[in-house]
Amino acid sequence: QSAKRLGEPYLYYSPAMNASHAARLALESELLHALDAQEFVVYYQPRVDLVSGRIVSAEALIRWRHPQRGLVFPGTFIPLAEEVGLIEPISDWVLDAVCAQQARWLQGKIDVVPVAVNLSAAQLRNGKFVQDVTDALSRHRLPAHHIEFELTESMVMNDVELAAANLQALKALGIQLSLDDFGTGHSSLAHLQRFPFDAVKIDRAFIRDVNANAGNAAIATAVIAMAHSLHLRVVAEGVETEGQLQFLRRRRCDELQGFYFSEAVPAAQFETMLVEKPLLTLGPQVDEDTLL
Ligand code: C2E
Ligand code: MG
Ligand code: MG
Ligand code: MG
């Protein structure tokens, strides 16, 4: 396979391209071995309620503990895994790892919160996906409400009917669904209506400069109001500052996820958070109406 690739003509040859091609091939073959070598690990990033200040859920984020490269983030290898057909086994591994961890915490009488797993387009296109999820839950005797899924709009666009059927079936199992990275790509109100989402996650791109960019502030405000009118919860991604927190709280955003509270941490560290229940310091509630 690699011989064929190396034999491909370089129409726009450049030394840099050749180097990056070689690097890609190296990463690809290492990725092939990563599952067997048990080099993947799940990190957990808390989601915090903007009224109580408590951790109410978490997002499972995969990391690759590479023997030479160190901790590799998903942006580096998930797109490659999708291209080379490794995304399904990796996704299956993540779901199994999260179910196993939740089951262990429950057995240990830890006060767990639901954990959200990121889906890939390949899973939603798979007619067996709902059965795979059911199997994973029963393998670990884990009730469905301890797991959530996050997906983006582009994932449901390939085969809208099959995706809708899969999502309805997951909902019927008792799994909550969030629309991830809202505001990027082909965001549409129709999707919020058509698919059985429980929550919308506003993309980090809109949160980043919400106090400096009037356009992004207007979008964030509108998304929160619109989602609420459709009875959906709203999660803000990538909250890093007190100013962003106050902006979101004034607009009645429901939950926050971001470095302001915590980055994604290994399971043992997240377990400490579940036990110690750290609170987000929220300050006095200021009503949007009393501003300006
Ligand atoms: P995502 O689902 O939108 O996840 C949120 C990303 O934002 C995570 O990056 C998280 O670490 C990062 N983040 C959270 N708070 C902050 C903040 O305050 N500031 C900044 N700068 N970043 C913040 P991460 O872990 O690198 O994951 C990137 C993407 O990789 C995820 O985006 C998701 O699309 C994908 N991904 C991660 N784990 C999995 C997985 O198990 N399966 C699949 N299919 N995709 C995954
Ligand atoms: Mg996500
Ligand atoms: Mg996201
Ligand atoms: Mg994102």
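The values are calculated or read from the model by the stated rules, or taken from the named source; none is laboratory data. For clarity, every value in this text was computed on a predicted model and none was experimentally measured. A quick note on method: Cβ atoms are made from the backbone with ideal geometry, for glycine too, and the neighbour counts reach across all protein chains shown.
How about segment 160-184: which of its residues are within 12 Å of ligand 1 (Cβ to nearest atom), small (G, A, S) and free of Cβ contacts under 8 Å to residues at least 60 places away in the same chain? Across segment 160-184, the qualifying residue is only G183. Go through segment 125-159 and count every residue that is on the phi < 0 side of the Ramachandran plot, away from ligand 3 (no atom under 16 Å from the Cβ) and in contact (Cβ under 8 Å) with a residue 12 or more places away in the chain. Summing the residues that are on the phi < 0 side of the Ramachandran plot, away from ligand 3 (no atom under 16 Å from the Cβ) and in contact (Cβ under 8 Å) with a residue 12 or more places away in the chain in segment 125-159 gives 21. Checking each residue of segment 216-235 against the condition of being closer than 25 Å to Q168 by Cβ and of a type in the set (D, E, K, R) gives at least one match.
Checking each residue in segment 132-144 for being farther than 18 Å from A60 by Cα and part of a loop (DSSP other than H, G, I, E, B) picks out only R141. Of the strands (runs of 3 or more DSSP E) lying entirely inside segment 16-123, those containing at least 2 residues that are surrounded by fewer than 16 Cβ atoms within 10 Å (Cβ to Cβ) are 70-72. Inspect segment 212-235 for any residue being within 16 Å of ligand 1 (Cβ to nearest atom) and modelled with pLDDT of 95 or more and give the result as yes or no. There is at least one residue in segment 212-235 that is within 16 Å of ligand 1 (Cβ to nearest atom) and modelled with pLDDT of 95 or more. If you filter segment 227-251 down to residues that are without any contact (Cβ under 8 Å) to a residue 40 or more places away in the chain and among the basic types (K, R), you find that the one that is nearest to E148 (Cα to Cα) is R233. The numbered conditions (1) under 18 Å from V51 (Cα atoms); (2) within 16 Å of ligand 3 (Cβ to nearest atom) are all true for T221 except (2). Against the definition (of a type in the set (A, V, I, L, M, F, W, C) and more than 29 Å from V275 (Cβ to Cβ)), how does V84 come out, yes or no? It is true that V84 is of a type in the set (A, V, I, L, M, F, W, C) and more than 29 Å from V275 (Cβ to Cβ).
When each of L248, L256 is tested for being within 16 Å of ligand 4 (Cβ to nearest atom) and more than 30 Å from D159 (Cβ to Cβ), the lone residue that passes is L256.
Listed here are the residues, each with its yes/no results for (1) within 16 Å of ligand 3 (Cβ to nearest atom); (2) at pLDDT below 85; (3) small (G, A, S).
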site: Q168; (1), (2), (3): no, no, no
site: K171; (1), (2), (3): no, no, no
site: G174; (1), (2), (3): no, no, yes
site: T184; (1), (2), (3): yes, yes, no
site: S187; (1), (2), (3): yes, yes, yes
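Among the residues here, R194 does not qualify as among the basic types (K, R), more than 16 Å from ligand 4 (Cβ to nearest atom), more than 16 Å from the chain's Cα centre (by Cα) and over 28 Å from M155 (Cβ atoms).
For segment 145-157, the count of residues that are at pLDDT below 95, within 19 Å of the chain's Cα centre (by Cα), assigned to a loop (DSSP other than H, G, I, E, B) and within 15 Å of ligand 2 (Cβ to nearest atom) is at least one.
Among the residues of segment 37-86, those identified as away from ligand 3 (no atom under 16 Å from the Cβ) and of a type in the set (S, T, Y) are S52, T76.
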